[in-house]
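Q: If you scroll down you'll find the structure; I have some questions about it.
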Amino acid sequence: MIRRLFLTVTWLTSLVLILLGSCFVVCFAPSAKAEVIRNSTIAEMISKIDQKDIYNTVYTLQNFTTRRFGTSGNAQSAVYLYDRLESIPKLSVEYQSDANNIIATLPGVNPTSNIIYIVGAHYDCGVPDSTFAPGATDDGGGVAIVLELAKIMSQYSYDHTIKFAFWNAEETSDDASLAYAKQAYENKMNISLYFNYDSACYDPNDNLVLDIISNGQSQWASEIATECNTVYNIGFKLTYNVHSCSGDAGSFQMYGYPTIFTHQETHDVQHTVNDTIDKVSTVFAQKNGQLGMAVLAYLAEVRSHTTTPNSAPTPIPSSTTLLTPTSTYNPNSTLTPSPMPTELSEASSAIAAVGVIVITSTVILLFKRQKR
Ligand SMILES: [Zn+2]
């Protein structure tokens, strides 16, 4: 009897040790979360986003009277945006598709990389039954943000390619972005993330609530955006997938590309004649731009700023400015499972520990009782 009990105890002790071991692994294994460490180059970049420039762009756009697809205002705004992009050094600009999408490319400097990040907004707008469609918050603000990103980000170099896009015909549900996504898919373009700016600057009560809309393929990017908001003190109160709009992001999702869409807290004036410049919160737009810029610069792997051309090869950034290597997620994979939140893994560790204690106490009690 004693021998049998001894064997049981030995077996149970081994079980307890195994459980303790796995608890240790769960408790101290590196978190599967991406860890964004503050990068001084990125901090410098995002500080350059100018509220005045955002205001001026939106104001110019609303003064085309309407940018409804097919109108002369739409065509004039396309020329205006093409020229704005073309005036930025290092960008190559082109019209794409019959619907006049405008795409500017900032090539990556790593010749072995075919990774592409795209950030875009739609430049058309529309008000039902009206020839006046100012479209300031939908989506003049998004366009102004993307222009700021193009202007500032092109002053720096990245391993991977970044494209800045202005889509047409989003409001008429012709979704010109779909033509682009289709072409990208057919040409096997390696788009690691599409970042969409739409309804990006309306914040009448200064709530600074920003919704991050991700899909199953872009949970990892949503986590990076969350970390950037903290690390760079951007100051948004973030919500997740409160809105279900997909807009131009939907075009990319349709072809299997991961997307992120940052969205203001509420809709109110969109698609009305009241969507005018006075409804634009340039503070909100600036912060929204900072968030996207930080995410894209991190992912595209910005190099430290080089001021002198024809100088020695770009030095490797010091460890403080180096991006954290993230071996635990792969932005190229479209099937990255979302990692278990830290809170959850900590909770399961606690449960395991309690289980271990309960089992051990029972065994000891049982043993003592049998002995008596
Ligand atoms: Zn829109």
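The values are calculated or read from the model by the stated rules, or taken from the named source; none is laboratory data. All of these numbers come straight from a predicted model, not from anything done at the bench. Cβ coordinates were reconstructed from backbone atoms using ideal geometry, including for glycine residues, and neighbour counts include every protein chain displayed.
Q: Cβ contacts < 8 Å: first residue more than 15 Å from K287 (Cβ to Cβ), restricted to region 132-146; second residue part of a helix (DSSP H, G or I) and polar (S, T, N, Q), any location; separation 6+ or different chain. Result?
A: Pairs that qualify, where the first residue is more than 15 Å from K287 (Cβ to Cβ) and the partner is part of a helix (DSSP H, G or I) and polar (S, T, N, Q), are P134/Q62; G135/Q62; A136/Q62; G140/T57; G140/Q62; V143/T57.
Q: Given the condition farther than 30 Å from K52 by Cβ and either touching a Lys or Arg at 6+ places or on another chain (Cβ under 7 Å) or within 16 Å of the ligand (Cβ to nearest atom) (or both), answer yes or no: does some residue in region 225-235 qualify? Spell out the reasoning first.
A: Within region 225-235, the subset farther than 30 Å from K52 by Cβ is none.
Within region 225-235, none of the residues are farther than 30 Å from K52 by Cβ and either touching a Lys or Arg at 6+ places or on another chain (Cβ under 7 Å) or within 16 Å of the ligand (Cβ to nearest atom) (or both).
Q: Here's another thing I want to ask about it. Just checking, which of A169, A165 is hydrophobic (A, V, I, L, M, F, W, C), assigned to a loop (DSSP other than H, G, I, E, B), within 16 Å of the ligand (Cβ to nearest atom) and modelled with pLDDT of 95 or more?
A: A169
Q: Turning to a different aspect of this structure: If you take the residues of region 211-221 that are buried (at least 20 other Cβ atoms within 10 Å of the Cβ) and away from the ligand (no atom under 16 Å from the Cβ), which of them is nearest to the chain's Cα centre (by Cα)?
A: So, considering only residues that are buried (at least 20 other Cβ atoms within 10 Å of the Cβ) and away from the ligand (no atom under 16 Å from the Cβ), the one nearest to the chain's Cα centre (by Cα) is A221.
Q: Residues of region 241-282 being of a type in the set (A, V, I, L, M, F, W, C), within 27 Å of D129 (Cα to Cα) and either outside any loop (DSSP other than H, G, I, E, B) or more than 13 Å from the ligand (Cβ to nearest atom) (or both), which ones?
A: Within region 241-282, A249, V273, I277, V280 qualify.
Q: With respect to D124, is the statement that it is over 17 Å from M153 (Cα atoms), surrounded by 15 or more Cβ atoms within 10 Å (Cβ to Cβ) and out of contact with any Phe, Trp or Tyr (no Cβ under 6 Å at 6 or more places or on another chain) true?
A: On the way: over 17 Å from M153 (Cα atoms): yes; surrounded by 15 or more Cβ atoms within 10 Å (Cβ to Cβ): yes; out of contact with any Phe, Trp or Tyr (no Cβ under 6 Å at 6 or more places or on another chain): no.
No, not satisfied.
Q: How many residues are closer than 17 Å to V127 by Cα, of a type outside the set (S, T, N, Q) and surrounded by fewer than 17 Cβ atoms within 10 Å (Cβ to Cβ) when one looks only at region 32-74?
A: The number of residues fulfilling the criteria is 1.
Q: For region 223-260, give me each residue that is in contact (Cβ under 8 Å) with a residue 12 or more places away in the chain, among the hydroxyl-bearing types (S, T, Y) and over 22 Å from D139 (Cα atoms).
A: Those that are in contact (Cβ under 8 Å) with a residue 12 or more places away in the chain, among the hydroxyl-bearing types (S, T, Y) and over 22 Å from D139 (Cα atoms): T226, Y232, Y255, Y257.
Q: Could you check how many residues of region 156-186 are touching a residue at least 60 places away in the same chain (Cβ under 8 Å), of a type in the set (S, T, N, Q) and surrounded by fewer than 24 Cβ atoms within 10 Å (Cβ to Cβ)? Reasoning before the result, please.
A: Step one: list which residues in region 156-186 are touching a residue at least 60 places away in the same chain (Cβ under 8 Å), which gives 156-172, 174-185.
Still in the list and also of a type in the set (S, T, N, Q): 157, 161, 168, 172, 177, 183.
Going one step further and asking which of them are surrounded by fewer than 24 Cβ atoms within 10 Å (Cβ to Cβ), we end up with 157, 161, 172, 183.
Within region 156-186, residues that are touching a residue at least 60 places away in the same chain (Cβ under 8 Å), of a type in the set (S, T, N, Q) and surrounded by fewer than 24 Cβ atoms within 10 Å (Cβ to Cβ) number 4.
Q: Return the only residue of D175, D206, D129 being within 16 Å of the ligand (Cβ to nearest atom) and over 20 Å from I42 (Cα atoms).
A: Exactly one residue qualifies, and that residue is D175.
Q: Residue under question is P111, and the condition is that it be away from the ligand (no atom under 12 Å from the Cβ), buried (at least 22 other Cβ atoms within 10 Å of the Cβ) and either charged (D, E, K, R) or over 17 Å from the mean Cα position of the chain (by Cα) (or both); does it hold? Break it down stepwise before answering.
A: Working: away from the ligand (no atom under 12 Å from the Cβ): yes; buried (at least 22 other Cβ atoms within 10 Å of the Cβ): no; either charged (D, E, K, R) or over 17 Å from the mean Cα position of the chain (by Cα) (or both): yes.
When the stated conditions are applied, P111 does not pass them.
Q: Follow-up. Name the residues in region 88-108 that are charged (D, E, K, R) and either within 13 Å of F164 (Cβ to Cβ) or within 16 Å of the ligand (Cβ to nearest atom) (or both), would you?
A: K90, E94, listed by residue number.
Q: Check off (1) at pLDDT 95 or above; (2) buried (at least 16 other Cβ atoms within 10 Å of the Cβ) for K90 and give me the number that stays unchecked.
A: Status for K90: all satisfied but (2).
Q: Inside region 114-126, can you point out the residues that are within 12 Å of the ligand (Cβ to nearest atom) and either over 16 Å from D175 (Cα atoms) or under 21 Å from the mean Cα position of the chain (by Cα) (or both)?
A: Hits for region 114-126 are G120, A121, H122, Y123.
Q: Which of the residues belonging to region 205-215 are touching a residue at least 24 places away in the same chain (Cβ under 8 Å) and assigned to a loop (DSSP other than H, G, I, E, B)?
A: Narrowing region 205-215 to residues touching a residue at least 24 places away in the same chain (Cβ under 8 Å): 206-215.
Of everything in region 205-215, those that are touching a residue at least 24 places away in the same chain (Cβ under 8 Å) and assigned to a loop (DSSP other than H, G, I, E, B) turn out to be D206, N207, L208, N215.
Q: Still on this structure, I have one more. Any idea how many residues of region 171-207 are closer than 26 Å to G126 by Cα and in contact with a helix residue (DSSP H, G or I) (Cβ under 6 Å, 6 or more places away or on another chain)?
A: 14
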